[in-house]
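In what follows, a single structure is set out as structure tokens and then discussed.
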Amino acid sequence: VMHATYQPKDVEARWYKVWEESGSFRPEVNPDGEPYCIVIPPPNVTGVLHMGHALDHAIQDVIIRRKRMQGYAALWLPGTDHAGIATQNVVERELRIEGLTRHDVGREAFIEQVWAWKAKSGNTISNQMRKLGDSTDWTRERFTFDEGLSQAVRKVFVDLYDNGLMYRANRIINWCPRCHTALSEIEVEHEDDPGELTYIRYPFVDGSGFVTVATTRPETMLGDTAIAVNPEDERYADAVGKTVMLPLMDREIPVVADDAVELDFGTGAVKVTPAHDPLDFEIGQRHDLEPIIVIDTEAKITVDGGEFFGMDRFEAREAVRSRLREIDAIEKIEEHPHSVGHCSRCHTVVEPLLSLQWFVKVDPLVGPAIDAVKDGRTRFVPKRWENNYFYWMENLRDWCVSRQLWWGHRIPAWYCQDCDETIVSMEDAVTCPSCGSSKLVQDEDVLDTWFSSALWPFSTLGWPEETDDLAKYYPTTTLVTGFDIIFFWVARMMKMALQFTDSVPFTDIVIHGMVRDMAGKKMSKSTGNALDPLELIDEYGADSVRLALIQSAAPGHDIPLNTDWIDASRRFGNKLWNAMRFAVEFMDVSGVPADGGYPDDPGPEDAWILSRLGAVTAEFDDLLDEYRLSDAYGLLYNFAWSEVFDWYLEMAKSLTEDDQRAASMRQTLGVVLRDVLKLFHPATPFVTEELWDSLGDGSTLIITSTWPQVPEFAAPESVDSLQRIVSDIRRFRSQHHIANKADVPVIVAPSDDLPDWWLNQVASLSNSQPTIGERPEPVAGHTRLSAPGVEAYIPLAGLVDVDAERPRLEKAISEIEANLSKSNAKLQNANFVDRAPEDIVAAERARVDDMERELAKQRTLLAELG
RNA sequence: GGGCGUUUAGCUCAGUUGGCUAGAGCACCGCCCUUACAAGGCGGGGGUCGAGGGUUCGAGUCCCCCAACGCCCACCA
């Protein structure tokens, strides 16, 4: 016996266990199937499931469950990312509670502690994914720090080095003074800052006046080694080649000419600090200027002996300014809003620092990655993201991959203490191949987490080993992710895959939007507008959360979400539940075969719903093939509710035991519900599995059942006329406030013989007692209902007030007249008749004929009201 | 400074290559506990498709321009 309402809590955990333990998530359930593979965007191992994951995973699960049912060897490969900075931060926070830093503990012990943390808390997100219903193959779960994946990372590093694509150099990099590590360009977020532009006078050494420069960072003047002006700038033509005295530091520095200086910004003269600004560094290189480091990795001033020594950079900014003011070197200070880089992880203002780091040379890698998308080997859905991808690729700078962290893949480079040789190799270096010394020291740094993520599509399948999985599932088919990590991740996977596997990593890249609140704001914990998917699953059930996300996720668009959507999905689940409950308990629909089973000789209602099922299934499949999940499930939702439940199920209620059509209807009902469950299963796996269980004989699971065929049946016109007459009767009742219980005498005048079933359905669906007859004499008027092949009349005498019917008719007449004149105008336009396609013109003529007939009849009715 | 997106019913959004009277969910109004579901059924009201111009027999849809909002990118210090 089924509950009167659907109780998700009762069923979700139970079915997930059954699926997992039966191996249903493994591609081996379809051993002969064509491979289809999605690798999951690995969540941070420190992560907890948020709405973004829920959306991302719901989409992937819909895709993979459908492919599985379609017979593919469908693999959805799960795993997590070791997330260098984030994970290290978590464990460092734990240490801080004990008053310790990682340096107190030491490198080895610290890493052990991170592993211990991972063992304890690292599967949080995996368990949350189970609650969501993700059908990932857990037997293939991977971690970016696994032995195998670490080998892949090492091989890639060494190969890049051997091919000159990995190098170590002194460059200006983005430094986070709080995380104490270098960052790549894209780990820096630019935010508007109400800054100030300080105009400082630098006097010429020869006493011929001064040159004024404008800067947002006066504190860096301590490290100035030149002033630069544009060579075209006539204002400074005489100044080039002279020297100025650097205030506060009493250092003579040259005035140089460089194209990089803008003529119309500030004063046209710029102070050059090669050690603390990327542009200045380049200018410095062109003019042979010595970089002077004045800010350290703590963002403190390092100028020995000076009054600023040890000051924080922002403190120093004020101190430098106030000293400059004292010596009257400041011309003015202007407000100057500009954007300042922040660490994407901790939001500290990043410090550009000159530093020795490892870089990937990206130029040779981008060409193939661009070509692969240009020639369609990989495509973006929606396509417009390709432009962003191209633009990004074409403007890449070398990727700084070394991080001054402990948690990550250690850089496989050793430095000889005796001869300065650098050794990069697969094997740990013991002796220097150059001088034979054994005094080798390994690089202290680890690699950017995204470096290992970039290998994810092939490293997870076993690369560089030539595993069976790699041979079978690589290249993978589809990648599903948000636009926010196209640059961090997608672009890098493309580059690395083409370089190391000579293949694209996936053929389709499906980009979805972000989950936002109803005000369009990004959901985040800090602003307090975040919905927690786990709380929602607890309250509404996982299926409701999934269906709401899928239905609102138009491809590539952000989705505003509130609980109303989820509640609507929950109500749908309940409707589905009750429809099935009714079919099973009252219609005796059970034991429906999992495959085939369409009736050989369906009744008219059966043929109608089967024709609709066929059309909907075909369109649904087309939409899903194009990754239009929201449209597909919107279509299916309306079909199930408005057609199957509201019409067909009601028609089936007239089924009686002695009815000849009973068997056909029972079978049709079973088959239609079975296919509806299957089509819904990828989106709402739990409720459909539970209902499948009550529908069938318990010998199969819906998760591994076969995808519905497209039944081909023609809808008989009689069902259309039936529905129209029934709707008209209902409308008539409603407009005249006639109670449901009161009989409405309907006289049906068919153009041909009408079968009993038709009259019975009208009676049942409209709660009326229709009789066959001629058009009645208008005693006190009657209303007329019409549909193809049939007309029906409701005499008004004694039933309704004639005065209430008159405005109804008048309104109907004026509506028809308006449309008729519109259509006539069209047809009187010679251009339309001549140029529009024939079928369009013919359809318009037919409409006019229909409307004219209808208009005449309605006018007669009005006249007959008297 | 570039690039992209959005603007359609009270709200949130669909609307595919131009073609029946522009749709859905929620909200709203009326009637109804009819052998599953009141978390439901039946019926209804509500939109000059952001503004302007153009192409076309025909434009929510294609082109141009404008406006508002949002996002991404960018070394003008």
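The values are calculated or read from the model by the stated rules, or taken from the named source; none is laboratory data. Small disclaimer: the values here were computed from a predicted structure and weren't measured. Backbone-built Cβ (ideal geometry, glycine too); neighbour counts: all protein chains shown. Accessible surface is based on the protein model in full, side chains and every heavy atom, while ligands, DNA and RNA are left aside. Shrake-Rupley method; radii C 1.70, N 1.55, O 1.52, S 1.80 Å.
Just the number, please: carbon plus sulfur as a percent of the accessible area of chain A, 1.4 Å probe, no ligands or DNA/RNA counted.
48 percent
At q = 0.10, 0.17 Å⁻¹, what base-10 log of I(q)/I(0) does the Debye formula yield for the range A:161-259 when every alpha carbon is treated as an equal point scatterer in vacuo?
Calculated log10 I(q)/I(0) at the listed q: -0.45, -0.93.
Tabulate in residue order the Karplus-calculated ³J(HN,Hα) for the range A:372-383, using 6.51 cos²θ - 1.76 cosθ + 1.60 with θ = phi - 60°, rounded to whole Hz; enter x for Gly and Pro.
Those phi angles translate into 4, 7, 4, 8, x, 5, 10, 10, 8, 10, x, 4 Hz.
Please compute the modelled spin-label separation between A:Asp288 and A:Ala618, points set 7 Å along Cα→Cβ, answer in nm with one decimal.
7.9 nm
What are the ³J(HN,Hα) couplings of the range A:458-469, residue after residue, when phi is run through the Karplus curve with 6.51, -1.76, 1.60 and θ = phi - 60°? Round to Hz, x for glycine and proline.
Result, ordered by residue: 10, 5, 5, 8, x, 3, x, 5, 8, 7, 4, 4 Hz.
Rounded to the nearest 20 Debye, what is the dipole magnitude of chain A about its Cα centre when Lys and Arg each give +1 and Asp and Glu each give -1 at the C-beta?
The calculation lands at about 1320 debye.
With every protein chain in place, what's the accessible area of A:Glu34 (1.4 Å probe, Å², nearest 10)?
120 Å²
Just the projected area, averaged over all directions, of the convex hull on the alpha carbon atoms of the range A:11-110: how many nm²?
The Cα convex hull of the range A:11-110, projected and averaged over all directions, gives 9.3 nm².
Please list, in chain and number order, the residues 5+ apart from A:Val244 or on another chain whose amide H is under 5 Å from its amide H, with Hs placed from the backbone.
Counting only residues 5 or more places away or on other chains, the set is A:Val205, A:Ile253, A:Val255.
Run the numbers for A:Asp601 and A:Trp138: contour at 0.36 nm per residue of separation, minus the present Cα-Cα distance, in nm.
Computed gain between A:Asp601 and A:Trp138 is 162.1 nm.
At a probe radius of 1.4 Å, what is the per-residue accessible area of A:Glu810, in Å² to the nearest 10?
Ignoring ligands and nucleic acids, A:Glu810 comes out at about 90 Å².
Give me the percent relative contact order of chain A, please, defined on Cα pairs under 8 angstrom at least 6 residues apart.
Normalised by residue count, the contact order of chain A is 12 percent.
Go ahead and collect, in residue order, the members of the range A:827-850 whose backbone nitrogen is under 18 Å from a label point 7 Å along the Cα-Cβ direction of A:Arg731.
The answer is A:847-848, A:850, whose backbone nitrogens lie closer than 18 Å to the label point.
If one computes the Cα centroid of the range A:792-866 and of the range A:554-568, what distance in Å separates the two points?
Spelled out, the Cα-based centre of one part sits 41 Å from the other.
Which residue, A:Val430, A:Phe451, A:Phe483, has the largest displacement toward the positive end of the dipole of the range A:425-505 when charges sit on each Cβ (Lys, Arg +1; Asp, Glu -1)?
Toward the positive end, the furthest listed residue is A:Phe483.
So the label point goes 7 Å from the Cα of A:Asn163 along Cα→C-beta, right? Which residues of the range A:481-520 then have their backbone N under 16 Å from it?
A:492-505
Largest first, how would A:Ile333, A:Ile97, A:Ile725 line up by accessible area (1.4 Å probe)?
Greatest to least solvent exposure: A:Ile97, A:Ile333, A:Ile725.
Return one quarter of the surface area of the convex hull spanned by the alpha-carbon atoms of chain A, equal to its mean projected area, in nm².
Convex hull of Cα atoms, orientation-averaged projection: 51.1 nm².
Restricting to Cα pairs below 8 Å that are 6+ residues apart, what does the relative contact order work out to for the range A:660-789? Please round to a whole percent.
Taking the mean separation of contacting Cα pairs over the length of the range A:660-789, I get 23 percent.
What residues qualify as long-range amide H neighbours of A:Asp193, i.e. H under 5 Å apart, gap of 5 or more or another chain, H built at 1.01 Å from N?
Under 5 Å from the amide H of A:Asp193: A:His338, A:Ser339, A:Val340.
Quick one: accessible area per residue over the range A:76-196, 1.4 Å probe, rounded to a whole number of Å²?
Ligands and nucleic acids excluded, the figure is 43 Å² per residue.
Any idea which of A:Gly798, A:Leu561, A:Thr215 is furthest toward the positive side of the dipole for chain A, if Lys and Arg beta-carbons carry +1 and Asp and Glu beta-carbons -1?
Sorting the options by dipole projection puts first A:Gly798.
Amide H to amide H under 5 Å from A:Arg142: which residues, 5+ apart in sequence or cross-chain, H placed 1.01 Å off N in plane?
Amide H to amide H, under 5 Å and 5 or more residues apart or across chains, A:Arg142 pairs with A:Gly79, A:Thr80.
Distance in nm between label sites at A:Ser654 and A:Gln7, each 7 Å beyond Cα in the beta-carbon direction?
Spacing of the two 7 Å Cα→Cβ label points: 3.8 nm.
Measuring from label point to label point, each 7 Å out along Cα→Cβ, what is the A:Arg379 to A:Asp588 span in nm?
Each label point lies 7 Å from its Cα, and together they span 5.1 nm.
Ordering A:Asp328, A:Asp224, A:Asp468 from largest to smallest accessible area (1.4 angstrom probe), what's the sequence?
Of A:Asp328, A:Asp224, A:Asp468, the descending order of accessible area is A:Asp468, A:Asp328, A:Asp224.
So how tilted is helix A:717-735 from the main axis of chain A? Cα-based, degrees 0 to 90, rounded to 10.
Helix A:717-735 and the main axis of chain A meet at about 90 degrees.
Just want to confirm a number: the relative contact order over the range A:6-85, from Cα pairs under 8 angstrom separated by 6+ residues, in percent.
In percent, rounded to a whole number, it is 44.
What FRET efficiency, computed as 1/(1 + (r/R0)^6) with R0 = 60 Å and r the Cβ-Cβ distance, is obtained for A:Glu817 and A:Asp697, rounded to the nearest 0.05?
0.50
Relative to the longest principal Cα axis of chain A, at what angle does helix A:756-766 sit, 0 to 90 degrees, rounded to 10?
60 degrees
What's the extension gain from A:Thr467 to A:Asn638 if we count 0.36 nm per residue and subtract their Cα-Cα distance?
57.0 nm is the gain from fully extending A:Thr467 to A:Asn638.
If you take the charge dipole of the range A:234-327 about its Cα centre, with +1 on Lys and Arg Cβ and -1 on Asp and Glu Cβ, which of A:Val256, A:Tyr236, A:His276 is farthest toward its positive end?
Farthest along the dipole direction, towards plus: A:Tyr236.
Please calculate the 1.4 Å probe accessible area of A:Thr478, with all protein chains present, and give it to the nearest 10 Å².
Accessible area, nearest 10 Å²: 0 Å².
Quick one: Cα centre-to-centre distance for the range A:1-39 and the range A:448-518, in angstrom?
26 Å
Please list, by residue number, every one of the GluC sites (Glu not before Pro) in the range A:678-742 that is coil in DSSP and has at most 16 other beta-carbon atoms within 10 Å.
Answer by residue number: A:Glu712.
Between A:Glu421 and A:Phe314, 0.36 nm times their residue separation minus their Cα-Cα distance comes to what?
In short, 34.5 nm is gained.
Given R₀ = 60 Å, FRET efficiency for A:Arg397-A:Asp567 by Cβ-Cβ distance, to 0.05?
Between A:Arg397 and A:Asp567 the formula returns 0.80.
If you rank A:Cys416, A:Cys435 by how much accessible surface each has, with a 1.4 Å probe, what is the order from largest down?
The ranking, largest first, comes out as A:Cys435, A:Cys416.
Relative to the longest principal axis of the C-alpha atoms of chain A, give the angle of the C-alpha long axis of helix A:662-680, reported between 0 and 90° and rounded to the nearest 10°.
10 degrees
Give me the lysines in straight-line cross-link reach of A:Lys9: C-alpha distance below 18 Å, same-chain residues under 8 apart excluded.
Partners within reach: A:Lys17, A:Lys131, A:Lys575.
Calculate the length of the line joining the C-alpha centroid of the range A:138-170 to that of the range A:264-325, in whole Å.
So the separation of the two Cα centres works out to 37 Å.
Go through the range A:219-227 residue by residue and turn each phi into a ³J(HN,Hα) via Karplus (6.51, -1.76, 1.60, θ = phi - 60°); whole Hz please, and just put x for glycine and proline.
So the Karplus estimates, Gly and Pro as x, are 4, 6, 4, 4, x, 5, 10, 5, 10 Hz.
For a Förster distance of 56 Å, can you work out the FRET efficiency between the beta-carbons of A:Glu854 and A:Ile485, rounded to the nearest 0.05?
In this case the efficiency is close to 0.45.
Distance from a point 7 Å along Cα→Cβ of A:Val833 to each backbone N in the range A:843-860: keep the residues under 13 Å and list them by number.
Under 13 Å, as judged by backbone N against the label point of A:Val833, lie A:845 of the range A:843-860.
Per DSSP H run of at least 4 residues, take -39500 (n - 2.57); add these up for chain A, divide by its residues and hand me the 222 nm value, nearest 500 deg cm²/dmol.
Mean residue ellipticity at 222 nm (helix-derived): -13000 deg cm²/dmol.
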